[in-house]
Each structure stands twice: as structure tokens, then as C-alpha cells.
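Here is the structure we will look at, set down as C-alpha cells.
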Amino acid sequence: MTSNDSPQSYHKGRVGLLGIKYLISATNMDRAVEFYRDVIGLDVQVFSPYWSELTHGSATVALHGGGDGSYAETGLSFTVKDIFEACPAIIDGGGSVRSEPEDRGEEGIYLAFATDTENNGIMISQLKDPDLNT
């Protein structure tokens, strides 16, 4: 892709891939957007009571209203600078930590499992090599 190409003109694969969004449900959109904006650090691109999109780089987390608050494992994962500071921040922001940071040995990370304000399961990881966390 060159600087003159619009994102819509650049696509990959047989399907013409333009981007990726990760969709999760929200019971309370205001609360969910606040969590992902203020606690996780995503940037709000679209906000409405029924559909919101938050980004970091080219990654998009889309929140769909109408969730019922039931626990949902999402597979959504965030890499952070300091997992031992991130876990208390998640709790302070209204989420919960389901398992404290664990050294994953040869995987080269610390990993914790958390829940956002909407009861969606997320993973938080930190690279063990501090040179890779910049």
C-alpha cells in the first residue's frame, strides 16, 4: 500500500480483506466504552447506544449493545507494559481479575485472565523481555 492508496483500494486475499473488527457484547454501552477507553486505552471512533468502535493502531474492538451480562469468553487479548499494574487498574475500572498474572515460562510472557465491566472474558499479557515492551 502506498501513501496515495485509500484503505478501501487496498485489499488482500481472495475475499478482498480491508480490515478486522473484534465484536463483543455490551449491556451498558456508556460503561463499556468508558472501560475500554479509560482503562484499556483504546480510542473511540464511533459511539452510539447500540454500536461503538474503539481502536488501537489498526485493531478495532466493536461493542454491540443488547448484551445480557452473561459471562462470555471472547479470546480478546491485550498486551500491556506492566501486567502487575494493569490488573489492579482493571479492578479499579470496574472489571475483575479471574486469575492473577502467571509466568508462562517458554512462551515468554506473563498472562492474566480478566473480565470487563460487561462480563466479557479478556486476556492481559506482558512480554517478559523488557526490550520488547517499548
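Laboratory data are not the source of any read-out in this text; all were calculated from the coordinates shown. The shown structure was predicted, so the numbers you read here are calculated from the model rather than taken from an experiment. Every residue, glycine as well, gets a Cβ built from its backbone with ideal geometry; the counts of neighbours run over all protein chains shown.
Some observations on this one:
- Residue order for Tyr50, Tyr10, fewest other beta carbons within 10 angstrom first, comes to Tyr50, Tyr10.
- Here the simple spin-label model places points 7 Å from the Cα toward Cβ, and for Ala72 and Asp103 these points are separated by 3.6 nm.
- C-alpha center-to-center spacing [the stretch 81-115, the stretch 15-45] in angstrom: 19
- Of the residues Ser70, Ser48, Ser58, the one that moves most in a GNM of the chain with alpha-carbon contacts below 10 Å is Ser58.
- Volume per residue that the Cα convex hull of the chain spans, once the total is divided by residue count, Å³: 146
- Taking the average, over residues, of other Cβ atoms within 10 Å as the packing measure, peptides 75-87, 11-23, 113-125, 93-105 rank 113-125, 75-87, 93-105, 11-23 from highest down.
- Here the contact order of the stretch 7-133, divided by its residue count and restricted to Cα pairs under 8 Å and six or more residues apart, works out to 22 percent.
- For the stretch 7-81, the Cβ-based charge dipole about the Cα centre amounts to some 380 debye (Lys, Arg positive; Asp, Glu negative; other atoms uncharged).
- Cross-link partners for Lys81 among the lysines, with Cα-Cα distance under 16 Å and sequence neighbours closer than 8 places in the same chain left out: Lys128.
- Of Tyr110, Gln126, Asn28, farthest towards positive along the dipole that unit charges on Lys, Arg, Asp, Glu beta carbons give the chain: Asn28
- In straight-distance terms, cross-link reach from Lys21 covers every one of the aspartates and glutamates whose alpha-carbon lies under 15 Å from its own, apart from those fewer than eight places away in the same chain; here that gives Asp43, Glu53.
- Placing unit charges on each Cβ (+1 for Lys and Arg, -1 for Asp and Glu) gives the stretch 7-133 a dipole about its Cα centre, and among Pro101, Thr74, Phe84 the Cα reaching farthest toward its positive end belongs to Thr74.
- If only the Cβ of Lys and Arg carry +1 and only the Cβ of Asp and Glu carry -1, the dipole of the chain around its Cα centre is close to 560 debye.
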